[in-house]
Amino acid sequence: MKSENGKKRIAILGGGPSGLFMYKRLIESGNVDFEVDIFERKSTLGSGMPYSTEGANDEHITNVSDNETPGLVTSIAEWILTIPKDILDRFQIDPDKFNEYKVLPRLLFGYYLADQFSLLQQSGAEAGILTRVHYQSNVIDVSYNEKDKEVWVETATDKINFDYAVICTGHNWPVRYEGKVKGYYDAPYPPSKLLLKLNHPVAIKGSSLTAIDAIRTLARENGSFKKDENGNTSFCLHDESPDFKIVMHSRSGMLPAVRFHLEDSHLNNDSLLTEEEIEFHRKNNDGFLSLDFVFQKDFKEIIRKKDVDFYNRIKDLSLEDFVLEMMELRERLDPFQLLKAEYVQAEKSIKRQESVYWKEMLAVLSFAMNHPAKYLSAEDMQRLQKVLMPLISIVIAFVPQKSCIELLALHAAGVLDIIPVSADSTVEPQHNGGIVYNFLSDDNKTQSVYYQTFVDCVGQPHLSYSDFPFKSLLQQKAISPAKLKFKSGEEGHLAFMEGNLPVEKDSNGSYFLGVSGIAINDNFQIIDHYGAYNEKLYIMAVPYIGGYNPDYSGLDFCEAASLRILKSMFEV
C-alpha cells in the first residue's frame, strides 16, 4: 500500500544502532519520496541492547573512540559540550580534558546515539519526510504478499503493510537454562542480574569482551578497586565475600588484546581489493573467492608497504603457518603477563599515535572479508572459522585500557584466573543448581569441577535458520538456510559420508555445507527456497546472517550495510 500521497512506505524493524544508520542513510539520501515507520520494542531510540541498561551498567565502556565512530550528525567531542553537568559527573567526564581519542562509558554512548536519532528526525521533518515511531512495539511476525509485492509487519496491536522493510532487530541471546537452573546464566545481559553478592568461585565461559563485562560487574559487587598515590590500581574483597573468585574457561587459554591507536580509524584501506577485482578473481576460480587470495592481497601486500620487517617475517607463510606463529607467543606466555606487556605497548601506541600495524591490518582484513565471505568455498569457510577467526577474535577485540587495569588488579589479588579448555569441554547443568565443568587439564587429565554460579560469556551466538523469529517467512519459504558449496567433490563426499557436519547433496551431485542463519545477497536482501532474492525485504540483524557474514564489526558494519541497502532500494 502506498501512502495517501503516493510515497513509498518503508519500515525499519528495530531502533537500535542498525536502525539508526539505516534511518540516517534514508534521511541524507536526498530523496524525499518516502515515509518511514520505526518499530522499537523499548521507549527510546538509538542505544539498542549494547548501549542501554539491557547491555551495560555505569562501569561498562565502549572499545571505540570518537574518531573511530562512523559519522553521524555531530561528533562526540561536540556533543559532550551539550551534556548536563550531573550526567558528566555521574560518568566522571571532564569536558575540558575530553578528546576524540577517548572512549566513553557505554550508557553515555547510548545517550549520544539517542540524541543523534533525534537530530536526524528533526532533519527529516524539515525535509518533509514523515516519520512515525512505534515505541514499545514488539514485532511478532513479518510476512510477504507475493501478489501485491507488499511486506506485512505484525505487532500485538496492528498489522500494517509496507513497500519495503529492513529487519534491524539486533542482538538475541536464546534462554536455555536460565530461570530453570539456579545459578545458571545464559548470558551476562542485562548486567543488572549479575549484581550478586557471592562467597564462592564463579565459572565464566569465554574470555571475550562479553566475559570482561561480567567480570567487572561481579567484582564490584564483591569487592572494590582502589588507586594509590602513584595511580596504581588494586582490588580488595569485601569482608562478606572472602571466598569469592572468578575463573574464566577459554578455549585458547588466552585473553583478548588491548586497544591501540588505529592509523585508519574506520577499518578501511585504499589498497583493499575492489569489488571488480573480487569478481574477476571469482570468474577464474569456478565462482569461488579464495581465502588465500584475500589473505595475500588484503593483508600481506598491504603490510609490505607499511612494515617491511614484519612483511619479510611472514611473506612466505601460509595462512595456517601465520596463525601458528602469531599464536605461539601468546601460548608461551602467561596470559596476564602478556596482557600487562600489551597494555604498555598499547599505551605507547596511543600516546605516539602510532599503530601496531599488523594488528590493525588483521582488523581491516576481517572487516574486508566479511561481506564477500558468502563466496568462499565450504572448505575455505571451515579454514576461516577454525584457523583465522580464533586469532582475529583475540587480536581485534580492542579491550579498553581501564578494563585491562582492572583485570590485572583482580589477578594480582588472586581473585581472577583463566583455565584453558579444549573444544570438547562440556558444561552440565545440575538439578540442584550450578554446573559441572568437564575439561582436560594441561597434563591431559579429565577434570570435572562444580561451580555454584556459571555465566555463559561466549558472545552473540550465530543463530540458525530455524531460530528465525518471523515464522510466516519460514512457512512461506521466503527465506532459506545459508549454505556454501564444496569446491572439491571429493572433500564434499567425504564430509557427507562422515556425517559430522551439516552437509547435503543436491540433484546435480554437488555438496553443500550448511552454515548458520539465512541466505542473503550482496544487498542484504533475503533469498527464498528457490534461490530468488526479495526486492522488498532486507536484513541487518546480525545474529541471523552470521553464516554469510562471519565477522560483523559493530558500527562499521551498520554503516557499510545500510549504504548497500539504500543503493539497492533507491537504485542510486
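The values are calculated or read from the model by the stated rules, or taken from the named source; none is laboratory data. Here the structure is a predicted model, which is why all the values come from computation and not from measurement. Here Cβ is always computed from backbone atoms with ideal geometry, including for glycine, and neighbour counts include all displayed protein chains.
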Task: Search result, residues across the stretch 359-398 that are at pLDDT 90 or above and within 30 Å of Lys340 (Cβ to Cβ) - done: Lys386, Val387, Leu388
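To keep it simple, each residue is scored yes or no on (1) under 17 Å from the mean Cα position of the chain (by Cα); (2) assigned to a strand (DSSP E or B).
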| residue | (1), (2) |
| --- | --- |
| Thr157 | no, no |
| Lys180 | no, no |
| Val202 | no, yes |
| Ser207 | yes, no |
| Phe225 | no, yes |
Task: Flag for Ser448 being within 30 Å of Lys197 (Cβ to Cβ), more than 29 Å from the chain's Cα centre (by Cα) and not aromatic (Phe, Trp, Tyr) - done: yes
- [ ] Sort through Ile12, Ile80 and tell me the only one that's modelled with pLDDT of 95 or more, β-branched (Val, Ile, Thr) and either farther than 27 Å from Phe570 by Cβ or crowded, with 17+ Cβ neighbours inside 10 Å (or both).
- [x] Ile12
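The rows are residues; the columns are (1) under 30 Å from Ile435 (Cβ atoms); (2) assigned by TED's automatic domain parsing to the domain that holds Glu347; (3) not polar (S, T, N, Q).
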position	(1), (2), (3)
Ser224	yes, no, no
Ser234	no, no, no
Ile246	yes, no, yes
Asp270	no, no, yes
Glu279	no, yes, yes
Phe288	no, yes, yes
Val294	no, yes, yes
Asp298	no, yes, yes
Open item on the list: Out of the helices (runs of 4 or more DSSP H) lying entirely within the stretch 18-129, which hold 2 or more residues that are under 18 Å from Val542 (Cβ atoms)?
Closed with: 106-126
Open item on the list: So Val139 passes all but one of these: (1) in a loop (DSSP other than H, G, I, E, B); (2) surrounded by fewer than 14 Cβ atoms within 10 Å (Cβ to Cβ); (3) modelled with pLDDT of 95 or more; (4) not small (Gly, Ala, Ser). Which condition number does it fail?
Closed with: (2)
TODO: Please go through the stretch 549-562 and pick out each residue that is modelled with pLDDT under 95 and either over 12 Å from the mean Cα position of the chain (by Cα) or farther than 22 Å from Leu72 by Cα (or both).
DONE: Asn549, Pro550, Asp551, Glu559, Ala560, Ala561
Open item on the list: For the structure I just gave you, tell me whether Leu120 is closer than 20 Å to Leu45 by Cβ, at pLDDT 90 or above, in contact with a Lys or Arg (Cβ under 7 Å, 6 or more places away or on another chain) and of a type in the set (A, V, I, L, M, F, W, C).
Closed with: yes
- [ ] Could you please give the count of residues in the stretch 50-77 that are out of contact with any strand residue (DSSP E or B) (no Cβ under 8 Å at 6 or more places or on another chain), surrounded by 21 or more Cβ atoms within 10 Å (Cβ to Cβ) and among the hydrophobic types (A, V, I, L, M, F, W, C)?
- [x] 1
TODO: Give the residue, chosen from Gly492, Gly517, Gly509, that is in contact with a helix residue (DSSP H, G or I) (Cβ under 8 Å, 6 or more places away or on another chain) and either at negative phi or not small (Gly, Ala, Ser) (or both).
DONE: Gly492
- [ ] Enumerate the helices (runs of 4 or more DSSP H) found wholly within the stretch 269-342, keeping only those where 3 or more residues are of a type in the set (Phe, Trp, Tyr) and surrounded by 18 or more Cβ atoms within 10 Å (Cβ to Cβ).
- [x] none
Open item on the list: If a residue must be touching a residue at least 24 places away in the same chain (Cβ under 8 Å) and not in a strand (DSSP E or B), how many such residues does the stretch 504-520 contain?
Closed with: 2
- [ ] May I ask you to list the residues in the stretch 392-425 that are in a loop (DSSP other than H, G, I, E, B) and of a type outside the set (A, V, I, L, M, F, W, C)?
- [x] Pro400, Gly414, Ser422, Asp424, Ser425
Open item on the list: Return the residues of the stretch 149-159 that are within 19 Å of Tyr530 (Cβ to Cβ) and surrounded by fewer than 15 Cβ atoms within 10 Å (Cβ to Cβ); say none if nothing qualifies.
Closed with: Lys149
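Residues checked against (1) within 23 Å of Val356 (Cβ to Cβ); (2) in contact with a strand residue (DSSP E or B) (Cβ under 6 Å, 6 or more places away or on another chain); (3) among the basic types (Lys, Arg):
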| site | (1), (2), (3) |
| --- | --- |
| Phe235 | no, yes, no |
| Glu240 | no, no, no |
| Ser252 | yes, no, no |
| Leu255 | yes, no, no |
| Leu262 | yes, no, no |
| Glu276 | no, no, no |
| Asn284 | no, no, no |
